[in-house]
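Visitor: The structure under discussion is supplied below as structure tokens; questions concerning it will follow.
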Protein chains: 2
Amino acid sequence: MDVSEYIGASKERFFADLKEWLAIPSISGDPERSADVRRSADWLASYLRGIGFPTVELWETPGHPAVFAEWPAADPDAPAVVVYGHHDVQPVEPLDEWETDPFTPVEKGDRLIGRGTSDDKGQVFFHTLGIRAGLAASGATAPPVTVKLLVEGEEESGSVHFAELLRTHRERLSCDVVVISDTTMWSEDVPSMCTGMRGLTEAEVALYGPERDLHSGSFGGAVPNPLHAMAALLTALHDADGRVTVPGFYDDVVPLTDEERDLFARLPFDEAEWLRTAGNSRAPYGEKGYTTLERVWARPTAEINGMWGGHTGPGGKTIVPREAHAKISFRLVAGQEPGKVQESFRAWVEQNTPPGVRAEVTIPGGGVRPCFSPIRSAGVQAARRAMEKAFGKEVLFTREGGSGPEADLADILEAPLVFLAVGLNGDRIHAPNEKVEMPLLLKGAEAAAYLWDEFATALRSS
Amino acid sequence: MDVSEYIGASKERFFADLKEWLAIPSISGDPERSADVRRSADWLASYLRGIGFPTVELWETPGHPAVFAEWPAADPDAPAVVVYGHHDVQPVEPLDEWETDPFTPVEKGDRLIGRGTSDDKGQVFFHTLGIRAGLAASGATAPPVTVKLLVEGEEESGSVHFAELLRTHRERLSCDVVVISDTTMWSEDVPSMCTGMRGLTEAEVALYGPERDLHSGSFGGAVPNPLHAMAALLTALHDADGRVTVPGFYDDVVPLTDEERDLFARLPFDEAEWLRTAGNSRAPYGEKGYTTLERVWARPTAEINGMWGGHTGPGGKTIVPREAHAKISFRLVAGQEPGKVQESFRAWVEQNTPPGVRAEVTIPGGGVRPCFSPIRSAGVQAARRAMEKAFGKEVLFTREGGSGPEADLADILEAPLVFLAVGLNGDRIHAPNEKVEMPLLLKGAEAAAYLWDEFATALRSS
């Protein structure tokens with residue numbers, strides 16, 4: 001029985017088991033669901049024991065528990081792989097927009113509908129079928145690489161204890177590659193792998209002028225107006241080519257390779273349709289010399305998220321206001337360090353504040369580092385072969401705009417990342433009526449089954 | 001008995017009468033004080049009859065009544081003068097900051113403290129003493145010019161019915177000059193006359209981008225951000241020299257004459273002290289080539305009064321916001337028409353809105369026209385002579401930043417304006433503990449007494 005046949009024979013049971021897990025409302029952001037998050041961890045631990053994982057543990061955190069399971073390779077020199085996913089889910093509000101109960105998973109055609117079907121229980125679960133299919137096809141009792149499953153319980157509430165968890169269990173999690181199964185493909189027909197996620201750092205700027213609002217009839221035009229200064233400052237943040245002017249901002253950016261740009265360009269991207277999904281935006285916009293996909297995936301940005309000052313209520317109030325505020329966020333890409341960008345921005349604001357205005361820059365937290373896995377790396381190439389074998393067609397590459405705990409995995413475990421996932425942008429994750437395409441979950445299982453052999457070869461020889 | 005002797009002999013009675021009027025809480029903005037505003041008008045009308053005005057009338061409006069009093073010159077060909085002031089007062093909140101009851105006028109040294117002492121009952125009242133002093137000194141039974149006192153009751157609540165009142169009584173108010181007694185002098189030691197008030201027009205700009213707030217991780221850097229567009233638009237409103245860039249903005253501006261600039265420069269202006277009063281502003285600022293006084297008095301400005309958009313609450317929210325807003329006001333000077341500036345600004349916003357962003361400009365009302373009385377005009381020169389005679393020293397010139405119904409007086413009555421007033425910037429008008437310097441009110445009366453002779457000569461021959 002080959003991998004595909006095993007999966008075909010197992011699918012009914014597979015979805016029945018998954019539905020049991022999905023029925024547990026493991027909403028990590030809701031304190032009243034704490035017991036359910038633990039129940040979800042227990043359920044998964046018990047299931048993993050049942051399918052043969054020799055080691056299964058609940059790893060406690062000050063918040064919700066993670067599940068760790070290890071299946072060592074027979075060969076002690078075989079590469080080790082950490083597979084990352086999460087068993088907690090998003091809240092379900094607004095409940096009245098759900099067509100079915102979020103925690104009573106329902107099949108409609110090829111779709112399985114319910115909270116967590118795509119993000120991320122369904123995608124964790126395909127690995128359980130993948131590993132069994134691989135063993136069934138090979139007749140072995142252990143996978144060709146050591147598989148370490150790490151399924152956290154706090155991803156949807158900020159992964160607040162995750163870095164600490166990784167540091168605590170660093171030895172046990174030592175590995176040659178980290179597989180992330182919490183992203184999406186381009187589309188059902190265009191299998192693809194994510195190769196990076198943008199990082200983030202935020203800043204709030206306050207500009208202060210006079211100590212109180214002044215009557216603009218008496219003082220207007222003769223003292224600095226902090227709103228004018230803020231407008232000028234924020235305008236100066238980009239040059240005429242849409243590039244960020246903070247000195248050194250691009251210095252560490254890993255440039256897009258021609259190969260990656262070519263592969264991006266081969267994606268069937270409909271810009272008009274994309275603009276419609278972008279709130280019916282009227283025109284594309286951004287850094288000169290890059291396509292829309294390159295701009296959102298592989299280029300760093302500075303975005304004003306909010307701005308306020310002076311009189312903002314109804315009617316007029318002819319004042320020179322005492323202060324102006326703005327919230328700014330920077331999306332960062334491979335190579336950029338949030339801390340370095342923060343310091344450059346702080347210095348830039350100081351240098352660009354006009355005389356008579358005082359600036360204060362507040363930076364909330366350390367930011368999120370970007371993560372990146374170069375398409376020419378051995379891990380990515382191996383995973384691409386596994387996916388191409390499962391899907392029977394060429395696999396392209398994407399990146400994603402958001403980012404979660406992936407950078408911590410890469411940095412703390414000091415291992416390259418590989419993204420293997422079968423979610424779709426249309427899965428309505430974080431929204432009502434979340435769904436997953438069941439045939440894609442089975443393709444994911446198939447790719448996962450092939451992945452261990454590919455890794456065993458590629459990572460040993462690398 | 002000359003003017004000065006008459007005033008010296010009458011002052012006790014003058015202040016006793018004024019206090020009676022000040023005790024009436026004629027707050028036009030407070031509907032519960034309507035009866036008091038009328039009582040104030042009645043009191044004044046009765047007083048004016050008592051001192052000999054042949055004609056005294058209450059002029060009704062849909063709001064509060066004005067008082068009109070006319071004392072014709074003996075010579076039917078003599079010039080006619082309208083004297084403008086108001087008998088209503090500002091509210092008194094915050095009451096607990098008053099050291100004495102606002103409507104129980106109290107003398108402390110040279111000061112008379114109470115609501116309306118400076119703005120404007122005290123300054124209206126010095127005319128009643130001035131006209132009597134002039135008659136006493138000349139021995140005549142009528143003034144050398146026809147004096148028409150117009151004392152409105154709604155100035156502190158926006159003069160909403162004033163233009164209509166002027167149009168209704170246009171014939172009765174026909175005159176050769178309008179004397180405004182509702183402004184200030186440079187200081188107690190530096191008598192001066194105001195020669196103009198800036199006008200005003202306001203606008204609100206809304207810029208619209210995507211139809212909803214977008215996730216900046218997914219869309220940031222690839223669609224237009226209305227906050228960026230707003231910052232750029234507002235920055236483009238001024239050039240590097242601090243000049244407003246709206247085409248034609250300066251076309252109709254009456255330039256400052258060298259004489260007026262020289263006279264401004266002779267005022268003992270302490271810029272450091274001025275910056276302290278400007279909310280401790282840290283540096284002067286504004287249109288290149290002009291002094292601080294020229295900037296606030298005689299140059300038009302564009303000022304951002306408020307600006308908002310996107311996330312303005314606590315914490316971060318990494319969005320590309322759907323819209324941005326700003327409130328802008330233009331201070332206008334002699335020659336500029338609010339309507340023309342409004343239309344130019346509307347067109348300028350349209351032309352400066354980037355692709356992918358939609359602009360909406362809302363203009364509330366028609367604005368306030370500036371007013372201006374050239375220092376070389378016969379009326380201003382005559383009034384200056386009268387003031388110099390009263391004060392015994394050179395009279396300089398100022399302008400003021402605010403503006404009230406003065407432009408309506410000039411436009412509807414088609415007469416030049418002359419500002420004769422003895423208030424001080426330190427009189428705390430509109431604030432707790434409003435006061436007037438009693439010796440200055442008496443100087444005002446003396447100047448008013450001389451004014452009619454000066455006008456009789458100057459305006460007849462002009």
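Throughout, read-outs are computed from the coordinates displayed, never taken from laboratory work. Keep in mind that what you see is a predicted model, and the values were worked out from it rather than measured. Using ideal geometry, Cβ is built from the backbone for each residue, glycine included, and neighbour counts are taken over all protein chains shown.
Visitor: List the residues, sorted by chain then number, that are 5 or more residues from A:Ile180 or on another chain and whose placed amide H is less than 5 Å from its amide H.
Guide: Result for A:Ile180 returns A:Tyr84, A:Val418, A:Phe419, A:Leu420.
Visitor: Mind checking A:281-292 for the average number of partner chain beta-carbons within 10 Å of each residue's beta-carbon? Don't skip to the answer; put the middle values down first.
Guide: On the way: counts 13, 10, 7, 5, 13, 6, 2, 0, 0, 2, 1, 4.
The per-residue average across the peptide is 5.
Visitor: Amide H of B:Asp213: which non-local residues (sequence gap of 5 or more, or other chain) have their own amide H closer than 5 Å, using H built in the peptide plane?
Guide: Those lying under 5 Å, H to H, from B:Asp213 are B:Arg322.
Visitor: Enumerate the calculated ³J(HN,Hα) couplings along the stretch A:83-98 in order (Karplus 6.51 cos²θ - 1.76 cosθ + 1.60, θ = phi - 60°), each rounded to whole Hz, writing x wherever the residue is Gly or Pro.
Guide: 9, 9, x, 9, 9, 8, 10, 6, x, 10, 4, x, 4, 6, 8, 7
Visitor: Something else now. Under the √(5λ) rule applied to the eigenvalues of the Cα gyration tensor, what semi-axes describe the equivalent ellipsoid of the stretch A:214-319? Give them in Å, descending. Intermediate values should be presented prior to the final figure.
Guide: Working: eigenvalues 301, 73, 16 Å².
One finds semi-axes of 39, 19, 9 Å for the stretch A:214-319.
Visitor: Cβ under 12 Å from A:Val145's Cβ, A:Val145 left aside: what net charge do those residues give with Lys, Arg +1 and Asp, Glu -1?
Guide: Values: positive: A:Lys148, A:Arg460; negative: A:Glu70, A:Asp75, A:Asp77, A:Asp176, A:Asp453, A:Glu454.
Here the charged neighbours net out to -4.
Visitor: Hey, another quick one. Above 13 Å lies some portion of the pair distances; for the stretch A:290-350, what is it as a whole percent of all C-alpha pairs? Mind dumping the intermediate values first?
Guide: Numbers: 1349 of 1830 pairs.
That fraction is 74 percent.
Visitor: Plugging the Kirkwood radius over Cα pairs into Stokes-Einstein for chain B, at a temperature of 25 °C and a viscosity of 0.890 mPa s, what D comes out in µm²/s? Intermediate values should be presented prior to the final figure.
Guide: Numbers: Rh = 24.0 Å.
The estimated diffusion coefficient comes to 102 µm²/s.
Visitor: Relative to 2.2 N^0.38 Å, what does the C-alpha radius of gyration of the stretch A:288-443 come to as a ratio? Two decimals please.
Guide: Values: Rg = 21.7 Å, N = 156, 2.2 N^0.38 = 15.0 Å.
Normalised by 2.2 N^0.38 Å, the Cα Rg of the stretch A:288-443 equals 1.45.
Visitor: Across peptide B:196-207, what mean number of C-beta atoms from other chains lies inside 10 Å of a residue's C-beta?
Guide: Details: counts 0, 1, 5, 1, 5, 1, 4, 1, 3, 0, 0, 0.
Mean shielding count: 2.
Visitor: Moving to a separate point now. Read phi for every residue in the stretch B:15-27 and hand back ³J(HN,Hα) as whole Hz from Karplus 6.51 cos²θ - 1.76 cosθ + 1.60, θ = phi - 60°, with x for Gly and Pro.
Guide: Calculated HN-Hα couplings, in order: 6, 5, 5, 4, 4, 4, 5, 4, 6, 8, x, 8, 7 Hz.
Visitor: From the mean inverse distance of alpha carbon pairs (Kirkwood) and the Cα radius of gyration, derive Rg over Rh for the stretch B:1-96.
Guide: On the way: Rg = 16.0 Å, Rh = 15.5 Å.
Taking Rh as the inverse mean 1/r over Cα pairs, Rg/Rh reads 1.04.
Visitor: Turning to a different aspect of this structure: Calculate, axis by axis, the spread of Cα positions in the stretch B:118-167 along the three principal axes, and write the results as whole Å, longest axis first.
Guide: The Cα atoms of the stretch B:118-167 stretch 41, 27, 9 Å along their principal axes.
Visitor: Rounded to whole Å, give me the distance from the Cα center of the stretch B:374-415 to that of the stretch A:51-123.
Guide: Taking the Cα centre of the stretch A:51-123 as reference, the centre of the stretch B:374-415 is 83 Å away.
Visitor: If you take the C-alpha gyration tensor of the protein assembly as shown, multiply each eigenvalue by 5 and take the square root, what semi-axes do you get, largest first, in whole Å? All intermediate terms of the calculation are to be shown ahead of the outcome.
Guide: Values: eigenvalues 1283, 130, 98 Å².
Ellipsoid semi-axes (Å, largest first): 80, 25, 22.
Visitor: Let me know the Kirkwood hydrodynamic radius for the stretch B:363-462, please, with Cα pairs as the basis and the value in Å to one decimal. Before the final figure, lay out the partial values.
Guide: Values: mean 1/r = 0.0652 Å⁻¹.
The answer is 15.3 Å.
Visitor: Of all GluC sites (Glu not before Pro) in the stretch B:29-92, which ones are in loop regions per DSSP and have a Cβ with at most 16 other Cβ atoms within 10 Å?
Guide: B:Glu60
Visitor: Given chain A, what percent of its DSSP beta bridges are antiparallel, to the nearest 5?
Guide: 70
Visitor: Same structure again: Once phi is turned into ³J(HN,Hα) by the Karplus curve 6.51 cos²θ - 1.76 cosθ + 1.60 with θ = phi - 60°, what whole-Hz value does each residue of the stretch A:447-454 show in order, with x for glycine and proline?
Guide: Calculated HN-Hα couplings, in order: 4, 4, 4, 6, 4, 5, 4, 4 Hz.
Visitor: With a cap of 14 neighbouring Cβ atoms within 10 Å, and only residues DSSP puts in a loop, list the GluC sites (Glu not before Pro) found in the stretch B:199-261.
Guide: On the way: sites: B:Glu202, B:Glu204, B:Glu211, B:Glu259, B:Glu260; in loops: B:Glu211.
Sites meeting the loop and neighbour criteria: B:Glu211.
Visitor: If contacts are Cα pairs under 8 angstrom and at least 6 residues apart, what is the relative contact order of chain B in percent?
Guide: Numbers: 960 pairs, mean separation 118.5, N = 462.
The normalised contact order for chain B reaches 26 percent.
Visitor: Here's a follow-up. Sorting check: for A:407-419, B:130-142, which peptide has the highest mean count of neighbouring beta carbons within 10 Å, and how do the rest follow?
Guide: Numbers: A:407-419: 20.5, B:130-142: 19.0.
Final packing ranking: A:407-419, B:130-142.
Visitor: With n ≥ 4 as the cut-off for DSSP H runs, can you work out [θ] at 222 nm for chain A, using -39500 (n - 2.57) per run divided by the number of residues, rounded to the nearest 500? Display every interim value, and only then the final one.
Guide: Working: 13 runs with 160 residues, N = 462.
Calculated at 222 nm, the ellipticity per residue is -11000 deg cm²/dmol.
Visitor: With 10 angstrom as the radius, rank A:Arg331, B:Arg276, B:Arg39, A:Arg369 by how many other C-beta atoms surround their C-beta, starting from the fewest.
Guide: Fewest-to-most ranking of A:Arg331, B:Arg276, B:Arg39, A:Arg369: B:Arg276, B:Arg39, A:Arg369, A:Arg331.
Visitor: Related question: Can you sort A:Lys393, A:Lys11 so the residue with the fewest Cβ neighbours within 10 Å comes first?
Guide: Values: A:Lys393 11, A:Lys11 16.
Listed from fewest to most nearby Cβ atoms, that is A:Lys393, A:Lys11.
Visitor: Work out the mean other chain Cβ neighbour count within 10 Å for the residues of A:321-328 and drop it here as an integer. Please report the intermediate quantities before stating the final value.
Guide: Working: counts 5, 2, 0, 3, 3, 6, 10, 3.
Rounded to a whole number, the mean comes out at 4.
Visitor: What's the center-to-center distance, using Cα atoms, between the stretch A:181-244 and the stretch A:250-326 in Å?
Guide: Using only Cα atoms to place each centre, the spacing works out to 10 Å.
Visitor: Still on this model: Would you mind calculating the relative contact order of the stretch B:24-163 from Cα pairs under 8 angstrom and at least 6 residues apart, reporting the percent as a whole number?
Guide: Details: 249 pairs, mean separation 46.5, N = 140.
Reported as a whole number, the value is 33 percent.
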